[in-house]
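Just so you know, all these numbers are worked out from the coordinates, no wet-lab data involved. Predicted model, so just to flag it, every value in this text is computed and none were measured. Please note: Cβ atoms are built from the backbone with ideal geometry, for glycine as well, and neighbour counts cover all protein chains shown.
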Ligand SMILES: [Zn+2]
């Protein structure tokens, strides 16, 4: 007999309902699938981004979420949201996760909210959920299964761009496509002080689209499987990078000990490269003869004039921002704009090698 297919079922609530837990964990029966049940106790100090980052959420196939996650908070401030709002956000980020919303406040047809069980009636909670919830979960699982079936055909379709097929199948498997969402860009930029982790170019001075989220260890460093792509896409492997560094780095596979030596998050990379007195990026003396470091340096074009201008622009921008004297401030602003013009001329002239 073949093994049963797995379905991940997740329940999210700020105030866990025992009857629901008991039903989903024990009473809910699905003979066709191996249903793996998990829960998230949602704290009011959490926000939707923490849910979107949670592996329980990204690996879920069906989510049951409480409508009111901030029941105990009187002020509805930034970061708060309802279960039905989360359902919609999730539809945008992970279109293949099925979401059901429940509430203790009775039925709400307009938002498709399922009422929670209330004791006192003639039904037990199990009978109640068998009646109002089971069918909905079964339907959701059926839709998940349908897309799994289609995806098996899709991966063999030579007429559709391989890249698009991979993205689609990855999304079905809960792999977040960080690059597509502005919120992640902003979050990443902030972690890296808005600077490219490799060359230090400042995001604010360059066009918005000149920065990307880079896979520190490229996809080729991981097995060419869904699991491999999940590993590659994990937060710890993602780095804020300017396009020039990211594209230059593309073909490079970083293996030990270079994964540690070139680590951008613990500052190790700053020990490999330095700025010389003319502000060019150079390889430090210790690694002058290291072939891999040389290859990395050349592939990322770290020695280019533009890297130097980016650095000078960064310094000038800092001075400009802190200057109190209006005249001097204006002069600094003019110099900065001339510098950026010069930089962009170089970039445009060498577009093919950037
Ligand atoms: Zn860079």
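Evaluated at q = 0.22, 0.29 Å⁻¹, a Debye calculation over the C-alpha positions of the range 180-237 (equal weights, vacuum) places log10 I(q)/I(0) at -0.90, -1.18. In percent, rounded to a whole number, the relative contact order of the chain is 10, using alpha-carbon pairs under 8 Å and six or more apart. For the listed peptides 254-263, 232-241, a ranking on the average number of other beta carbons within 10 Å per residue, highest first, reads 232-241, 254-263.
Entry note, the chain: the mean residue ellipticity at 222 nm calculated from DSSP H runs of n ≥ 4, each adding -39500 (n - 2.57), is -12000 deg cm²/dmol after division by the residues and rounding to the nearest 500. For the range 178-353, the relative contact order comes to 18 percent (Cα pairs under 8 Å, sequence separation of at least 6). Computed from Cα atoms, the angle from the helix 305-322 axis to the main principal axis of the chain rounds to 80 degrees. Rounded to the nearest 5, the antiparallel percentage of DSSP beta bridges internal to the chain is 35%. On the beta carbon distance between residue 160 and residue 21, with R0 = 45 Å, the FRET formula returns roughly 0.60.
Rounded to the nearest 10 degrees, the angle from helix 134-154 to the longest Cα principal axis of the chain is 40 degrees. Each Cα pair under 8 Å and six or more residues apart adds its sequence gap; the mean of these over the residue count of the range 218-320 is a relative contact order of 22 percent.
May I ask for log10 I(q)/I(0) of the range 178-353 at q = 0.10, 0.11, 0.17, 0.19 Å⁻¹, from a Debye sum over the Cα atoms as equal point scatterers with solvent left out? Log10 of I(q)/I(0), two decimals: -0.42, -0.51, -1.14, -1.35.
Percentage of Cα-Cα pair distances in the range 1-135 greater than 21 Å, rounded to whole percent? Within the range 1-135, distances greater than 21 Å cover 42 percent of Cα pairs. Spin-label model, residue 50/residue 33: points 7 Å from Cα along the beta carbon direction are separated by 2.8 nm.
Using R0 = 30 Å, the C-beta based FRET efficiency linking residue 275 and residue 234 works out to 0.45. The range 95-121 and the range 1-33 have Cα centres separated by 16 Å. By how many nm would the segment from residue 187 to residue 324 grow when fully extended, if each residue of separation counts as 0.36 nm and the alpha-carbon distance is taken off? Length difference between fully extended and current span is 46.3 nm. Against the chain, whose longest principal axis is taken from its Cα atoms, helix 182-191 shows a tilt of about 60°. Computed from the Cα positions only, the extents of the range 248-335 along the three principal axes stand at 51, 26, 25 Å, in decreasing order.
Calculation over all alpha carbon pairs of the chain in 20 angstrom steps from 0 returns a P(r) of 24, 43, 27, 6, 0 percent.
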